[in-house]
Structure formats: C-alpha cells, structure tokens
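The values are calculated or read from the model by the stated rules, or taken from the named source; none is laboratory data. For clarity, every value in this text was computed on a predicted model and none was experimentally measured. All Cβ positions, even for glycine, are placed from backbone atoms using ideal geometry, and neighbour counts span all protein chains on display. Each accessible area value is taken on the protein alone, full model and side chains, heavy atoms only, with ligands, DNA and RNA left out. Shrake-Rupley method; radii C 1.70, N 1.55, O 1.52, S 1.80 Å.
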Amino acid sequence: MKEAFVDGVLLDGRQDMVPQKDRVVLVEDGKITGIVDKEDKEAYQDFQIIDLQGAYLMPGLVNLHVHLAGSGKPKKKPIDPVKSVKQITSSGLMRAVGHAMVANFAKTQLLSGTTTIRTVGGIADFDTRIRDEINAGKRIGPRILASGMAISVPGGHMAGSLAYIAHSAEEARDYVDVIAKDKPDLIKLMITGGVMDAEVVGEPGVLRMPPEYVKAACDRAHELGFQVAAHVESPKGVAVALENGVDSIEHGAKPDAHIAALFKENGAFQVATLCPALPYGLFDCQVSHATKEQKANGKVVFDGIIEMAKENLAQGVPVGLGTDTACPFVTQYDMWRELDFYGKYCGVSNAFALYTGTLLNATLAGVGDVTGSIEVGKCADMIVTKGNPLEDLSVLRHVEMVVKDGVIYDHPQVKKIPEVEVEMDKFNRVK
C-alpha cells in the first residue's frame, strides 16, 4: 500500500518541532518514504490520498510504564493481587480468558493513540505472547516492549502476582534466566515498596530488595543484553538501584547530590509517573478510597517524582514518561494525562511534553531509530487530532486517526470509565 497524508499540519516529534503546513507524508508498506511539499504532486501521483482536512499529524504516543493486567477502574475495597493472578492462571480456560483480557487492554492502548508501550510487570508470559501475536499480525495492538514477570522479594511490591519472589542474590540472578526464556525486551525489579504497603506515614517506598540482589540481577541482565528498570519510591531505594546497575528509575523520590551524580555516572534515566500518585496524594479520601496514611504517603511520592524530574531536567538527565496503567484511576487510554501533568507540575512546555511522550520516550526505550518521530525511514506510527497539542495537550484525548505500521484506524473508539473522566479532569488542564 502507498498512502499520501495531505492537507494536515505536521508536528514531527522532534524537540524543536513547529507546525508545518503544506507538507505531505508518504507511506509505503508501513514505512515513511518521503516528506514532500504539497505542490510536488508528481512525488505522490500514484499514492492513495488521505485527506486530513487541516488536522494535526504527529507521531503516536509512547508509554514507558504499562501494566496490561487491569482497567484502572477504582475499587472501593482493595483487591488481593496474588489471589487474582492465581485465579487467572488456575486452568487452561482461565488463562485463555486472562490472555484475551490483557490483549484487549493492549488494543485499547493503540486505539487511544499510544502506538508503542513498554510493559513493566505482567501476568506470567501474557505480555511477551501478545507482543509476538501483534508482530505476527494475529492481533491488533501497539508495538510492545515487554519485561514479562518482574522480580521481587518476600513481602515486596507485587510479590507473587506480577513478580517472582527471590529469596537470595543467587535466586534473583536465576530469575533473570527464567524470564529470559520468554524473550523479553527488558528486565524489571521491584526494589522498594509502594504507597499501599508503606509501614510508616511519611516513609513510602521502604527498601525491600537487598543491594546484593539488585547487583546480581543487574549483572546477569546486562550479560544477556537487557536493560533493567526498577520500581523505586524512596531516596534510599534510588541510591541502591543506581549503585548496583539499574538503568531506569521508575517513579522516583526526592533527590540529593549523591543521587544526581549516580544518574550521570551510570547513564541512567527516570520514568516519571504522575498519574498513579496524584489520586492518592491529591484526591479526597472519599473519592480515592485511600486511607489517611495512604494519602499522606501518596503526596510524598507525588512530590518526590516531581522534585526528581525537575532536578534531572536541570542536570541534563533524561526524563521519560509513563502512566503506570491499571493503578486506581489510571486507564489504558489516558497517556495524554501524563503529558499534561508533566507540563503542569514540572513546568515544561507543551512542545517538550509532546517530544518527551514521542521521540524521547522511544529513544529511551531503545526504539528511537524505528518510531517516535515522523521521519523518512521510520515506521508509520502516527496519530491525528483536530486541535493543536502545542496549544492544548487535552486535544490528544480524542484522536481522529491512528496509524500503526501504516495500518489506518479511522475514528477509533475506546470505552471510557466515567468516574475516572470526572475526577481526573479536575486536575488536568482541560479547555
């Protein structure tokens, strides 16, 4: 197939992007083969014309922190994740049902405008299998970079549900080999606790994984060619992670001079996740269904992520963005909210937020040469919006078209959760 996307306003995804009119993007067999002037009609005379009617054409969004095992619909009472995963994996029939559910969530990501996701903890081998099914053309979904199951410790974050439980440094290393059998794209460690399992008010993210476990897992992962991402929500946890080889800090915490130096020494980066921390830290407890202790700890985490992101930006350390989908009030379709929160709370421009959510995220994930911007030679992963996201990022919530590897999904629809829309909109900048 040969398509020419005409009469749109091009935003190419680069850091210095500006709206470009009268440019035509040429796509052949799923790749961008040319970007030409509208008047150069000979260049696309044999192409099928896709008339964008003045809408904005930009790269598909890239979400660096996804869990595909849930919808994000808030629950009044907490659910036991270990019990839930055991039920989903209890039989062949239940595994098939669970697999289909996760695949549907991946499809929702794509149809909402996120054309690439990086999963960081999932049920069994579901994520890698769905990735392979999408790549083989058997399912509709985004480009997936999957970690498969994560590695945790007894009493650690997601232990026994989305993460294996390592009881020693040797076991932590061995689990890397177990995960590697499913051919993941990265390895995920759960180094600290989170808001839900904090033991002391004001001290979320207690260190759970001993430093020697972290080092053993990172050393083996690097031997096998994998980057290591780590769930970390305290300064001590960040230091332990970076001192022992972690490549990306997922979430973050209030930084200090030592942490700032470690980021630069290791060439590591942060994946900021404001969407999951905000409801805990800023919502009324009657809305979030959190306890007062969880609200206090949620605010600590929320502020810590922001402070770390601001410090990293000041120091030239890359900051990527992810939503931590499946957390309460964090859906599989709302990546635009993370971009908007980044601008609102970290002070970056809309253009920089969009660049971060496209080309920079793709680069940090290791696929910047494949996707993330509209450039000749890259895959045709694009979205179309009526409005200009450089003026209002909330236009990204309604995409007119999604293009993945050249396949066009015109006026895609996703099922939204009314409660989430109402409560989260109170904090997003919605015009």
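Numerical summary
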| quantity | calculated |
| --- | --- |
| Which listed residue is within 23 Å of ALA365 (Cα to Cα), crowded, with 19+ Cβ neighbours inside 10 Å and over 21 Å from the mean Cα position of the chain (by Cα), from VAL153, VAL228, VAL178, VAL214 | VAL214 |
| Members of segment 99-117 found to be of a type outside the set (A, V, I, L, M) and either without any contact (Cβ under 8 Å) to a residue 12 or more places away in the chain or in a strand (DSSP E or B) (or both), listed by number | ASN104, THR114, THR115, THR116 |
| Residue in segment 369-382 that is touching an Asp or Glu at 6+ places or on another chain (Cβ under 6 Å), under 29 Å from ARG139 (Cα atoms), among the basic types (Lys, Arg) and in contact (Cβ under 8 Å) with a residue 40 or more places away in the chain present | no |
| Residues located in segment 156-175, provided they are open to solvent by less than 50 Å² (accessible area, probe 1.4 Å) and of a type outside the set (Gly, Ala, Ser) | HIS157, LEU162 |
| Hits in segment 422-431 - residues which are farther than 16 Å from GLN286 by Cβ, loosely packed, with under 15 Cβ neighbours inside 10 Å and modelled with pLDDT of 95 or more | ASP425, ARG429 |
| Selection from segment 295-323 of residues that are open to solvent by 20 Å² or more (accessible area, probe 1.4 Å), more than 18 Å from MET424 (Cα to Cα) and not β-branched (Val, Ile, Thr) | ALA296, GLU307, LYS310, GLU311, LEU313, ALA314, GLN315, GLY316, PRO318 |
| Close pairs from segment 408-431: first more than 26 Å from PRO142 (Cα to Cα) and free of Cβ contacts under 8 Å to residues at least 40 places away in the same chain, partner acidic (Asp, Glu) and surrounded by 14 or more Cβ atoms within 10 Å (Cβ to Cβ), Cβ under 7 Å, at least 6 apart | LYS431/ASP392 |
| Selection within segment 370-404 - under 18 Å from LEU360 (Cα atoms), open to solvent by less than 10 Å² (accessible area, probe 1.4 Å) and β-branched (Val, Ile, Thr) | THR371, ILE374, ILE383 |
